[in-house]
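This report concerns only the one structure given below.
The values are calculated or read from the model by the stated rules, or taken from the named source; none is laboratory data. The shown structure was predicted, so the numbers you read here are calculated from the model rather than taken from an experiment. Backbone-built Cβ (ideal geometry, glycine too); neighbour counts: all protein chains shown.
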Amino acid sequence: MEKQPKKISIITINLNNREGLEKTIQSVETQVFKDFEWIMVDGASTDGSKEVVEQHRDLFTSWISEPDTGIYNAMNKGIRMAHGDYLLFLNSGDCLLDDKVLERTIPYLGETDYVIGNIAYGKPDNVTDLCEKSFDIGHRLYILIHNYSYPHQASFMRRALFDEYGYYREDLRIVSDWVHMLDSLLLGRATVKYLPLVVTLFDPNGISNVRREENAKERKQVLQERPILTLSQKLLDFHLENYEMVSAMKGNKFFLWLFRIFFYFWRKSGKHAHTILTDN
């Protein structure tokens, strides 16, 4: 009998982080909701991680341990192995906050492309402050251009997004998940919904937090590749620096309408479409 597709695929990537991997495994193993698939991608670790994976192999729908060329190469491998409607990237060291996270999430998953909740940094009471307003078009612009990204560790993403907008760029080392959100949520037509839950206890020692200079350099490169975003960033800077004047002239919705006009013509021109990365 053919297996029924799962609503959620959890993808975990790991490289020489045995201690973090064990914590991640424990947090997923104890979930009350069990009807998910779990993909493990290990980068040929030499610290005993592979033995941990083998010890828990019954928990994984599929797993591999082989060399990769970087984080996004490993994440793309996981995407290709996954068959769930929604993907959650829970990398080694990251943990689901409690044993009922998936159970509480399931009712929110439907036709929306992104369902995004909060994360806690290092400890449960240090929580991001996302809310419904965090996903309107103006806030999306601010967050994605000026303030990094939505937390992918708490983002349930439709698997079909990677067929429509391509897989993660492997020429970037740190910000490719942010780029994918730019292309789908800002330049594209992907939909998003707020998940009013803390999903993940996030490991703050990840590469994007540690290599801040390289992170900023890659972000600048990406914005320069998309002139419409560079222009929007300048308009946003002007709006923020002259907020009182702009508010007096046009009200608080001034920039929001400018943004909508720019993106209306951008989408109409078809220039938002990007090359899709597929299997070779």
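For this structure, a couple of remarks:
- Looking only at residues of segment 51-82 that are charged (D, E, K, R) and surrounded by 19 or more Cβ atoms within 10 Å (Cβ to Cβ), we find that the one that is farthest from residue 153 (Cα to Cα) is 68.
- Of all residues in segment 136-159, those satisfying the criterion of being among the small types (Gly, Ala, Ser) and either in contact with a Ser or Thr (Cβ under 8 Å, 6 or more places away or on another chain) or at pLDDT 90 or above (or both) are 154, 155.
- The residues on offer are 130, 141, and the sole one that is in contact with a Gly (Cβ under 8 Å, 6 or more places away or on another chain) and closer than 16 Å to residue 192 by Cβ is 130.
- Residue list for segment 26-49, filter: surrounded by 14 or more Cβ atoms within 10 Å (Cβ to Cβ) and either at pLDDT below 95 or among the hydroxyl-bearing types (Ser, Thr, Tyr) (or both): 27, 45, 49
- Check on residue 162, at pLDDT below 95 and either of a type outside the set (A, V, I, L, M, F, W, C) or buried (at least 21 other Cβ atoms within 10 Å of the Cβ) (or both): no
- Members of segment 41-73 that are among the aliphatic types (A, V, I, L, M) and farther than 24 Å from residue 169 by Cβ: 52, 53, 59
- Scan of segment 72-90 for residues that are within 12 Å of residue 12 (Cβ to Cβ) and either over 13 Å from the mean Cα position of the chain (by Cα) or modelled with pLDDT under 95 (or both), ordered by number: 74, 77, 78, 81, 82
- Any chance residue 23 is of a type in the set (Lys, Arg) and at pLDDT 95 or above: yes
- Any hit, segment 124-137, residues being among the polar types (S, T, N, Q), more than 17 Å from the chain's Cα centre (by Cα) and part of a loop (DSSP other than H, G, I, E, B): yes
- Taking (1) buried (at least 16 other Cβ atoms within 10 Å of the Cβ); (2) within 21 Å of residue 180 (Cβ to Cβ); (3) out of contact with any Leu (no Cβ under 6 Å at 6 or more places or on another chain) in turn, residue 96 satisfies each apart from (2).
- Of all residues in segment 74-102, those satisfying the criterion of being within 24 Å of residue 173 (Cβ to Cβ) and of a type outside the set (A, V, I, L, M, F, W, C) are 76, 77, 78, 80, 91, 92, 93, 94.
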